[in-house]
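*Asks:* Supplied in structure tokens, the structure appears directly below.
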Amino acid sequence: QVQLVESGGGLVQAGGSLTLSCAASGSINTMRWYRQAPGKQRELVASITRGANTNYADSVKGRFTISRDNVKNTVYLQMSSLKPEDTAVYYCNADQWLGPQAWGQGTQVTVSS
């Protein structure tokens, strides 16, 4: 089972930027960032294949950028022009080559107005 460890969350003012990182303990396939705000369902924010094909939720297009380093087995989420509605716990998710999807423990992002 691959382990995922997120970092980079924190408190930022609206309009600010943050970059999240997710380091995997081994090689992984497609990686994703999800988020879950209080009282809401977990939603997919962005995904990136091993070949760097990306997809974004409409709510973050043009503001967030997902990228990865296959040598370091790490995925990044660069977030800019942050809004209070981006406040959530952000989770890293990855498709393992064998076995179920792996999840990180989550990192809190809080955007103040």
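*Asks:* Please go through segment 93-102 and pick out each residue that is within 14 Å of Ser25 (Cβ to Cβ) and crowded, with 17+ Cβ neighbours inside 10 Å.
*Replies:* Matches in segment 93-102: Ala94, Ala102.
*Asks:* Same structure, new question: Mind checking whether some residue in segment 77-92 is modelled with pLDDT of 95 or more, touching a Lys or Arg at 6+ places or on another chain (Cβ under 6 Å), part of a loop (DSSP other than H, G, I, E, B) and polar (S, T, N, Q)?
*Replies:* yes
*Asks:* Lys83 - would you say it is closer than 18 Å to Ser17 by Cβ and free of Cβ contacts under 8 Å to residues at least 12 places away in the same chain?
*Replies:* no
*Asks:* For the subset of segment 48-60 comprising residues that are of a type in the set (Gly, Ala, Ser) and under 20 Å from Leu82 (Cβ atoms), which member is most open to solvent (accessible area, probe 1.4 Å)?
*Replies:* Step one: filter segment 48-60 for residues of a type in the set (Gly, Ala, Ser), giving 51-52, 57, 59.
This time we only want the ones that are under 20 Å from Leu82 (Cβ atoms), so: 57, 59.
Numbers: Ala57: 22, Ser59: 59 Å².
Filtering first and then ranking leaves Ser59.
The values are calculated or read from the model by the stated rules, or taken from the named source; none is laboratory data. Values in this document were obtained by computation on a predicted structure and should not be read as measured data. Methodologically, a virtual Cβ is constructed for each residue, glycine included, from the backbone with ideal geometry; neighbour enumeration extends over all protein chains shown. Quick note on the areas: whole protein, heavy atoms, side chains included, nothing else; ligands and nucleic acids left out. Shrake-Rupley method; radii C 1.70, N 1.55, O 1.52, S 1.80 Å.
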